[in-house]
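The values are calculated or read from the model by the stated rules, or taken from the named source; none is laboratory data. Note that the structure is predicted; figures quoted are calculated from it, not measured. Neighbour counts are summed over all protein chains in view; Cβ atoms, including those assigned to glycine, are modelled from backbone coordinates with ideal geometry. All accessible areas refer to the heavy atoms of the entire protein, side chains included, with ligands and DNA or RNA removed. Shrake-Rupley method; radii C 1.70, N 1.55, O 1.52, S 1.80 Å.
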Amino acid sequence: MKKLTGTFRTSVWDPYLLVAQIVAMQALLYASLGTVMFVMDLFAEANHTLDHIFEYHEIHVTDLGGRLVIFAFVLNSLVGSGALWFVVRRTKLCLDFAVTFHVIHLVVCWWYNSAFPATISWWLLNAVCTALMCVGGEFLCLKTELREIPVGYSALNNKVDLY
């Protein structure tokens, strides 16, 4: 009796691809966060500094500037969902890349502040943003992965692109 071995969606360990995807995700998300934060700073008439991105004391609800920082991070997590779909394209990797981005962001914030982020608002915001990015990315990737695969003569003639 022949043993059935599954070869559907086999993955090959490719560290160069993995590192390139991590770098691409970091670059896309920080570029979009910087752009959104720039626009938010225009609305709040605030100075344009990196403190809004990396300073964990900037995340608060006591004034308009703090609320706009929170809104920018939430909006950026939705942009991150699209980036996951564009760069990673695999549903089962969305959680890994969302957490990787936020862990690297934690390390950068720790280095930038010379102190470990100690406010509950920073941790809560990053947990919510991680969840939003992961769920949104999984939704988009799953929608692409579950597309109907065309079979037959007409599929060969049309050469439909699945992505």
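What accessible area, in Å² to the nearest ten, does a 1.4 Å probe give for Y112?
Surface open to solvent at Y112 totals about 80 Å².
What is the sum of charges around Y112, taking Lys and Arg as +1, Asp and Glu as -1, for the other residues whose C-beta is under 14 Å from the C-beta of Y112? Don't jump to the answer; show the numbers that get you there.
Working: positive: none; negative: D51, E55, E58.
For residues surrounding Y112, the net value is -3.
If you roll a 1.4 angstrom probe over the protein chains with everything in place, what fraction of the accessible area of the chain belongs to carbon and sulfur, to the nearest %?
On the way: 7440 of 10720 Å².
The C+S portion of the solvent-accessible surface of the chain is 69 percent.
Could you grab the Rg to Rh ratio for the chain? Cα atoms only, Kirkwood for Rh.
Working: Rg = 19.8 Å, Rh = 17.9 Å.
Taking Rg over the Kirkwood Rh, I get 1.11.
In debye, nearest 20: dipole of the chain around its Cα centre with unit charges on the Cβ of K, R (+) and D, E (-)? Don't jump to the answer; show the numbers that get you there.
Numbers: 10 positive and 12 negative charges, 223 e Å.
The calculated dipole for the chain is roughly 1080 debye.
In a shell of Cβ-Cβ distance under 14 Å around A44, excluding A44 itself, what net charge do Lys and Arg (+1) and Asp and Glu (-1) give?
Details: positive: R67; negative: D41, E45, D51, E58, D63.
Counting the neighbours of A44, the net charge comes to -4.
If each of L106 and F139 carries a label point 7 Å out from its Cα toward its Cβ, how far apart are those two points in nm?
Here the modelled spin labels are 2.6 nm apart.
Just add up the charged neighbours of L64: K/R +1, D/E -1, any other residue whose Cβ is under 14 Å from the Cβ of L64.
Details: positive: R67; negative: D41, E45, E58, D63.
The answer is -3.
Quick one: longest stretch of the chain between exposed loop GluC sites (Glu not before Pro), exposed meaning at most 14 other C-beta atoms within 10 Å and loop per DSSP?
Details: sites that count: E45, E148.
Longest gap between qualifying sites, sites excluded: 46-147.
Need one number: nm distance between label points at V39 and A115, each 7 Å from Cα along Cα→Cβ, rounded to one decimal.
3.2 nm
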